[in-house]
Amino acid sequence: MVVPENSVDIAVPPEAAFDYLSDLRNEAEWNPNVRSVALLTEEPIGVGTAWRAKWAGGPETKVECTRYERPGEWAQVGRSDMMTIRFSARVVPIPTGSRLTVRMELIPNGPARLLEPLLCRRMQARELGNMRSIKNTLESLPVR
């Protein structure tokens, strides 16, 4: 199992960070590897919300929200033929705005298990870049 965990401080209120980041449709604004995201269930976003998503180099993935505790924590599970991804995020207030901590558990399925060491290195580097991109994107958005 590959488990990258990263944090970043963002100069926006926790509610704004939570609302923006817990909606997977917004990921395309900060992650250049997103190819598509479609909401499969009705709004509002919450436990049980589902999306169909595709990232570069990966298969189509169904993602479901499994925890939604605004404005502090949310979790999602993504399942594809290649792997299961358990994602959790926590937003806490700090004097300058918010601290976002993200944890991902990547569980390769079948032959993809052979790639686990490579996935670990690749995902850690990618997630560090994603955290910088999240910070830059959120801090440049108009106040919500």
Problem set entry | Correct option for P(r) over Cα pairs in 10 Å bins from 0, in percent [calculated from the coordinates] among (1) 11, 34, 26, 17, 9, 4, 0; (2) 12, 43, 36, 9, 1; (3) 11, 38, 33, 14, 4, 0 | (2)
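Identify the GluC sites (Glu not before Pro) of segment 1-62 meeting these criteria: DSSP loop state and at most 11 other C-beta atoms within 10 Å of the C-beta. Before the final figure, lay out each step's value.
Details: sites: E5, E15, E27, E29, E42, E60; in loops: E42, E60.
Listed in order of number, the matching sites are E42.
With a ≥ b ≥ c the root eigenvalues of the C-alpha gyration tensor of segment 22-96, is it rounded (a/c under 1.5), prolate (a/b larger than b/c) or oblate? Could the numbers behind the result be given before it?
On the way: a/c = 1.77, a/b = 1.47, b/c = 1.21.
The shape class here is prolate.
At 0.36 nm per residue, and after removing the present C-alpha to C-alpha distance, how many nm does the segment from V47 to R99 gain when stretched out fully?
Details: separation 52, 0.36 × 52 = 18.72 nm, distance 2.25 nm.
Answer, rounded to one decimal: 16.5 nm.
How would you order 85-91, 133-139, 104-110 from highest to lowest mean count of nearby Cβ atoms within 10 Å? The partial results should precede the final answer.
On the way: 85-91: 19.4, 133-139: 17.4, 104-110: 15.3.
Going by the mean number of other Cβ atoms within 10 Å, highest first, we get 85-91, 133-139, 104-110.
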Problem set entry | Dipole of the chain [Lys/Arg +1, Asp/Glu -1 at C-beta], most positive-end residue of S36, L138, I10 | S36
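Checking the a/c ratio against 1.5 first, then a/b against b/c, what shape does the Cα gyration tensor give for segment 2-44? Present the calculation step by step, with values, prior to reporting the outcome.
Numbers: a/c = 1.83, a/b = 1.21, b/c = 1.51.
Oblate shape, in that a/c is at least 1.5 and b/c is the bigger or equal ratio.
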Exercise. With the chain treated as a Gaussian network of Cα nodes joined by springs under 10 Å, which of T61, T96, T84 yields the largest mean-square fluctuation?
Worked result: T96
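Any read-out appearing in this document is the output of simple, stated calculations on the displayed coordinates, not a laboratory observation. Remember, predicted model here, so these are calculated numbers, not experimental data. Ideal geometry is used to build each Cβ from the backbone, glycine not excepted, and the neighbour counts take in all protein chains shown.
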